[in-house]
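Undergrad: Got a structure here, written out as structure tokens. Questions coming.
The values are calculated or read from the model by the stated rules, or taken from the named source; none is laboratory data. Predicted model, so just to flag it, every value in this text is computed and none were measured. Cβ: placed from backbone, ideal geometry, glycine included. Neighbour counts: every protein chain shown. For the accessible areas, the whole protein counts, side chains as well, though only heavy atoms, and no ligand, DNA or RNA atoms are used. Shrake-Rupley method; radii C 1.70, N 1.55, O 1.52, S 1.80 Å.
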Amino acid sequence: MSQSAKSAPKILVVDDDIEIIESVRYALEGEGYEVVIARDGNQGLALAEKETPDLMILDMMMPKRSGFLVMEKLRRSSERDLPVIMITGNEGSRHKAYAELLGVSEYIRKPFPMDRLLKAVRSLLNPDE
């Protein structure tokens, strides 16, 4: 499938950990995606509105506004159903249940193999493949 007909899917990565941001950005750009970065939940919400990404990768624990608060606000204020992959270092199953309640498409615990994340991204952006 050629990407020239339509522009590359845009992915918003919202995380406060620079190492995660850089490794995720490197992997996604290597796959041909356009990557937009936000360093906290508030910036993530602002960019979700401004950039209209095709997918969001969202960290759960962040300064200013947690991933959960970002999801709550997104689901209240957005008409479109943005697919969200939540990444977290948290082990609690209660968090996973709440994330699913908020409509998170995928829930991935850190540390994760990058191909696990890329596979989730591909399946959410190309559900027919």
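Undergrad: Name the single residue that is most open to solvent (accessible area, probe 1.4 Å) among those in segment 19-42 being of a type in the set (A, V, I, L, M, F, W, C) and in contact with a strand residue (DSSP E or B) (Cβ under 6 Å, 6 or more places away or on another chain).
TA: Once the filter is applied, the top-ranked residue is I37.
Undergrad: Have a look at L117, L74, L58 and point out the one that is touching a residue at least 60 places away in the same chain (Cβ under 8 Å) and in contact with a strand residue (DSSP E or B) (Cβ under 9 Å, 6 or more places away or on another chain).
TA: L117
Undergrad: I would also like to ask the following. Return a yes/no flag: does segment 5-13 have any residue that is of a type in the set (K, R), over 22 Å from E129 (Cα atoms) and at pLDDT 95 or above.
TA: no
Undergrad: Only one of L58, L118, L82 is in a helix (DSSP H, G or I) and open to solvent by less than 50 Å² (accessible area, probe 1.4 Å). Can you tell me which?
TA: L118
Undergrad: Now a separate question. Pairs only if they're at least six apart or on different chains, beta carbon under 7 angstrom, first in segment 31-45 and within 8 Å of V13 (Cα to Cα), second in a helix (DSSP H, G or I) and of a type in the set (G, A, S); list them, first residue then second.
TA: A38/G44
Undergrad: Same structure again: Can you confirm whether segment 91-99 contains a residue that is surrounded by 14 or more Cβ atoms within 10 Å (Cβ to Cβ) and in a loop (DSSP other than H, G, I, E, B)?
TA: no
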